[in-house]
Amino acid sequence: MNPPLQSNWFFAHWPTWSVAFYILGLSASLLAARGDSPIVLLRDSYWLSDEYALRLGQACAVHEEIKARPTWLYVGAASTIAILVVLEMTSRIPPFAAMALWSLILASCMNPALRSGRSAKKRVAVLRPRRTADSLPPPWLLALAVAATAILVMVSASPHERMQGFLIACSSALIAVMAWRFASSPTILRGNDPLVEECLDRLLRFYRARNLILLAVSQLFFFQMFAMQDRGDTFTLSEVTMRFVASLIVDVAYVFVLFRAQRMLMRVSDPRNIPGAARRSA
Amino acid sequence: MSEVPLAVTVDPDLKTPPYLQIEDQIRALVERGDLQPGMMLPTVRQLAGDLEVAPNTVARAYADLQQDGWLVSEGRRGTRVAGSPPSFDKGTRIEALRESVDGFVNTLRHRGFTSAEITAALRVVPRQ
């Protein structure tokens, strides 16, 4: 007779399930979204004028033409993520490593080879200064740096977690570099309607940089969540306090970035903040 | 903010070098009043990246325009349209027009057109 299933077994492996669901759920949504959310927000806005909506539709069509569609990249990423989930759930690789690897894979996919489709003979640029900070505000990077430092401090007292924390912090830093590079990359315009094309480029640039930063800070958040579970009996009161404070800092940084990013997304997608996009009267 | 698409293009198929294409377009935008005095322009690096040209190309265009008084450099803060660009000086504008027409007419003469033919063609163009 088979022994009865013990619910303890499920909860003992909770971090494994959580990471697996996190990886599957978020990667599915991010890969499916392909970074057009601010366009949907803008297009569906009551304030958008009919004329601008038409121009936006045309600019989106042009952008789709220019944008390289590396299907192999998405298929490869999805397959690698699936393999990663299986390896993680069968305990072949630890959850933190799966999370770091997954984040890096996804970050690389979210910044696909946009440049390769840009071989138009005539090159167009809008004469408007562009700041990287408009797409990637420095406070987000600061919050990320604080959270990563808190993780490093948190694991400093625990030798078996030190390497894990270091790897997660490195992964976050790499993703932040990718976000910065993406936010400061050149525009991709065809020149049919430079003003709307530039607006589209600005929205997508912001959205992709935002997604990358959210990815970087969320892996720190999940790491501290699991690290907090494993307190052990060997920690002194001061060590537990330090872990608690560090964990709190990571939580605050996570909520700060999440909240600010959402607010900014709403602001940049509002036609009333885009020159010539809003309808004249309500 | 302006709704006018203040864009510049670079066409590698043209015989005019890219730095001159950039120069001519910026000058024209200032002359038409689309680029207002004091307006900030993109950095050399940004414009070079967007136009897929070497930074030196844009730097040269900016330098020439600064030398002619169309733009002013503000060091690390960037480049602005000059407070009083030469286009607002009527004498300079007429002189620039005369120089362009002279160059154009000379090219046509080298190609064998007579003065009467050129004058007749020029009379037709404004009506078109």
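P(r) for the protein assembly as shown: what percent of alpha-carbon pairs falls in each 10 Å bin, starting at zero?
The percentages, shortest bin first, are 4, 17, 23, 20, 15, 10, 5, 3, 2, 1, 0, 0.
Taking a ≥ b ≥ c as the square roots of the eigenvalues of the Cα gyration tensor of the range A:119-178, is the shape rounded (a/c under 1.5), prolate (a/b larger than b/c) or oblate?
Note, shape of the range A:119-178 comes out oblate.
Using only C-alpha atoms and all pairs of different ones, pull out the Kirkwood radius for the range A:142-211 in Å with one decimal.
Kirkwood hydrodynamic radius for the range A:142-211: 14.3 Å.
What ranking of A:199, A:60 emerges when the number of other C-beta atoms within 10 Å of each C-beta is taken as an exposure proxy, fewest first?
On the way: A:199 24, A:60 17.
Least to most surrounded, the residues fall as A:60, A:199.
For residue B:36 and residue B:72, FRET efficiency with R0 = 22 Å and r from the beta-carbon atoms, rounded to 0.05?
Numbers: r = 14 Å, r/R0 = 0.61.
Here the calculated transfer efficiency is 0.95.
Could you check the simple spin-label distance between residue A:40 and residue A:279, using points 7 Å along Cα→Cβ, in nm with one decimal?
2.2 nm
If each residue's Cβ is checked for other Cβ atoms within 10 Å, how do A:63, B:110 rank with the fewest at the top? Walk me through the numbers before you get to the answer.
Details: A:63 20, B:110 8.
Fewest to most other Cβ atoms nearby, the residues stand as B:110, A:63.
Let me confirm one metric for peptide A:127-137, namely the mean number of other chain beta-carbon atoms within 10 Å of its residues' beta-carbons.
4
With every atom except the alpha carbons ignored, what do you get for Rg and Dmax of chain B, in angstroms?
Using the Cα atoms of chain B, the pair Rg, Dmax is 17.1, 53 Å.
Whole number please: convex hull volume per residue of the Cα set in the range A:167-282, in Å³?
On the way: hull volume 13.3 nm³, N = 116.
Per-residue hull volume (Cα only) is 115 Å³.
What order do you get for A:102-109, A:204-211 when each peptide is scored by the mean count of other beta carbon atoms within 10 Å, highest first?
A:204-211, A:102-109
In 5 Å bins starting at zero, report the fraction of Cα pairs in the range B:47-122 per bin as a rounded %.
Per 5 Å bin, starting at zero, the Cα-Cα P(r) for the range B:47-122 comes out as 3, 13, 14, 15, 13, 12, 13, 10, 5, 2, 1 percent.
What does the C-alpha gyration tensor say about the overall shape of the range A:73-208? Classify as rounded when a/c is under 1.5, otherwise prolate if a/b is larger than b/c, or oblate.
Oblate, because a/c is 1.5 or more while a/b does not exceed b/c.
Just want the ordering: A:44, B:34, B:50, from fewest to most Cβ atoms lying within 10 Å of their own Cβ.
A:44, B:34, B:50
Quick note: the coordinates plus some simple rules give every number you see, no bench work behind them. In this text, all values refer to a predicted model and were calculated from it rather than measured experimentally. Every residue, glycine as well, gets a Cβ built from its backbone with ideal geometry; the counts of neighbours run over all protein chains shown.
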